Amino acid sequence: MRAWMIRQLDRPAGIETVTRPVPGPGEALVRVAAAGLNFADLLMAEGRYQTRVAPPFVPGLELAGTVQELGPGTQGPPPGTRVAAHVAGGAFADYALVPADRLLALPDAMPFDIAAGFQIAYGTAHLALTHAARLTAGETLFVTGAAGGVGLTAVEIGHDLGARVIAQVRGPDKAALARAAGADAVIDSAEPDLKAALKALGGVDVVYDTVGGPGFDAALRATRPGGRLLAIGFAGGEVPKVPLNLLLVKNVSVIGFWWGGYLDFAPDLLTASLADLIARWQAGRLHPHIGQILPFEALPEGLALIRDRKAQGKIVLQVADQAR
């Protein structure tokens, strides 16, 4: 089978022909149809992700496809079932081993490309906003990097939860994308005084920050008393320094959030969140935006779009042609 393999950190991955894995107890072998690309894939390849993986390894954290085989004594969706899964790695290959308890059976109407990019982006936004920040209807949500895969879902889910959403993007095309997802107001990332722009819009209650850098401090200073700031990622490359005196004076909270970590300490919350999201999608309340579907050989181009912050919506790698 084909697989993208990282043999050395900070060196480009390459396509190799490797032996198809065999599922053990508690595992399923999935024929991969599509895989979602994430900023975390870049960090993992550089050895800078929250969990370090020693090379050689196959990258890729989320996939959709068809169950091919279950390991001995394993209970799970039977072979032939259409599924999605979040994995610790291995999605960028023709076949992947997946813990059977992570398999998410898909509605018949959900295409593989939508399912492949659904879990991490929507799961992060939904669990962060509903559980960690406890966003409520009528509050104001500010989303940085709002045209990217994770930011755009936060705009959409915030809108669906009844919040007033302010999106930060760069350029008119991305502004239009954010508005279509439910943003009530848009601030260009080139705005020189973000704090003043947010205060002119009345301030914010919850910040969903995927970028980091100086914008975090500006958003903090525009947050109302009792506000919550979610540190989702640092796509801008700079980890902000939080002035604790401001947190004290304003009675605001900074909350670190890593969706994948819930698999270790609160898997039931993650599972319930995904089930809620699937129900929202089936009800027509969520409309995932796939920015690009790339052929298997084009993984480096897709990751470059994410690295250079040129992605609009989710980027998905098409691994194989499978029905829906």
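Worth pointing out:
- For Glu139, the residues 5 or more places off, or on other chains, whose built amide H falls under 5 Å of its own are Arg164.
- Taken about its Cα centre, the stretch 121-260 carries a charge dipole of about 320 debye when Lys and Arg each add +1 at the Cβ and Asp and Glu each add -1 at the Cβ.
- Label-point separation in nm, Asn245 to Asp276, each point 7 Å along Cα→Cβ: 3.8
- Cβ charges +1 (Lys, Arg) and -1 (Asp, Glu), total dipole of the chain, debye: 520
- Here the stretch 175-324 is described by how far its Cα atoms reach on the three principal axes: 56, 38, 29 Å, from widest to narrowest.
- The chain: most fluctuating residue of Arg170, Arg31, Arg228 per GNM, C-alpha cutoff 10 Å: Arg170
- Fewest-first ordering of Ile232, Ile293 by other beta carbons within 10 Å of each residue's beta carbon gives Ile293, Ile232.
- Cα shape, the stretch 121-260, gyration tensor, a/c 1.5 rule: rounded
- Calculated FRET efficiency, Ala88 to Arg221, Cβ-Cβ distance, R0 = 35 Å: about 0.40 to the nearest 0.05.
No value in this document is a laboratory result; all are computed from the given coordinates. The model shown is predicted, which means the values in this text are computed figures rather than measured ones. Glycine also receives a Cβ, built like all others from the backbone with ideal geometry; neighbour counts cover every protein chain displayed.
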